[in-house]
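In what follows, a single structure is set out as structure tokens and then discussed.
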Amino acid sequence: ETLKAQVAETFRKREPVAKLVNRNLHKDGHTVILETSGFPLIGENGELLGYRGADRDITERVQAQKVLQKAHQELAAQIQELARANEERKSFLYSSSHDLRMPLVAVQGFANLLKEEYGDDLKGEAEHYLSAILQSTGKMSDLIEDLLQLSRVGRMDTEPEEVALESLLEAITTELEVKVPKRKLNFRIKEPLPETYCNRKRLYQVFSNLLGNAVKFTRDMPEAKIEVGVRKQGSKREFYVRDNGPGIDPQYHQEIFKVFRRLHGSAYEGSGMGLTFAKKIVESWGGNLRLESKPGKGATFYFTVPEAQKSSTAKSEGMSSDSSG
């Protein structure tokens, strides 16, 4: 009825018809969708003689659009379901880690109290057992903290800010040198490093994990040579952390970013979550963390961060001072 009214109004006004979509019943019984365009034929006395135009069969196009629309709707529903499932996973991870921490704190507290009060009286196996308890609970505490940090990525981050990379890297390298005072660590920071605009705490964690990883896997080298720098990669800037460690076979370049994945088993300390954590942080910025390495050739980790930006407030202040001067 709406279409009929639209056609009647067009005829009454003697207006051209442009891409009027209408359904028609074909002689063999199936429905055909046509797109009609035409112009009015006016007689000598101004009367409407009819319309001259053409019909184009758009049945296949309309059907394809319906299929595409349905596919988009299904994809949107799947994305929404994945987002919901991911949020549930993060919540479960956070609550589970938090619940595990409480009884662990109690075990650690009583074990430390036992050591303080009765440590001098414990001999032989008893002393060994207590030491094992403290060591194991310490590892468990580190693991739970890693799980909590992983669950918080992207959920509890503060606003981005300008970060002075030189001071940030100096703090990290100093901390790592204190942890292994007997190691010969040669950190080389290729300056100048550009301004960086992101969450400072998260950037600290990324560099801390990558540099800590480099220190860990160069322990058998006479001198650990670790370099930090930045390079232009197309329209983006990539930071890198390079070491002279044993290197990693290309077949494992994706495996090492999986949670709890440890290529060397228990040969090296750690929970196997550091690289997973760093990758999640970088991806939460819309960036990427990747590895280039070959056995015996060391390893280089590359990652992208957001371009440095000035806040709208800073921009407006700058414009005001320029205009006033």
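For the pair residue 180 and residue 107, label points projected 7 Å from Cα toward Cβ lie 2.9 nm apart.
Whole Å is fine, so just give me how far the alpha carbon centre of region 185-245 lies from that of region 5-68. Centre-to-centre distance over Cα atoms comes out at 67 Å. Take the Kirkwood radius over Cα pairs of region 2-57, plug it into Stokes-Einstein at 20 °C and 1.002 mPa s, and you get 174 µm²/s for translational diffusion. Under 5 Å between amide hydrogens, built in the peptide plane, is the criterion, and for residue 51 it picks out 41 among residues at least 5 positions away or on other chains.
The convex hull built on the alpha-carbon positions of region 161-304 has an orientation-averaged projected area of 8.4 nm².
For the listed peptides 209-222, 113-126, a ranking on the average number of other beta carbons within 10 Å per residue, highest first, reads 209-222, 113-126.
For region 170-183, 3J(HN,Hα) computed residue by residue from phi via the Karplus equation (6.51, -1.76, 1.60; θ = phi - 60°) reads 5, 5, 5, 5, 5, 4, 5, 5, 5, 5, 10, x, 8, 7 Hz, glycine and proline entered as x.
Rule-based calculations on the coordinates, nothing more; no lab input. Bear in mind that the values here come from a model prediction, so they are computed numbers and not experimental data. FYI the Cβ positions are ideal-geometry reconstructions off the backbone, even for glycines, and counts take in every protein chain you see.
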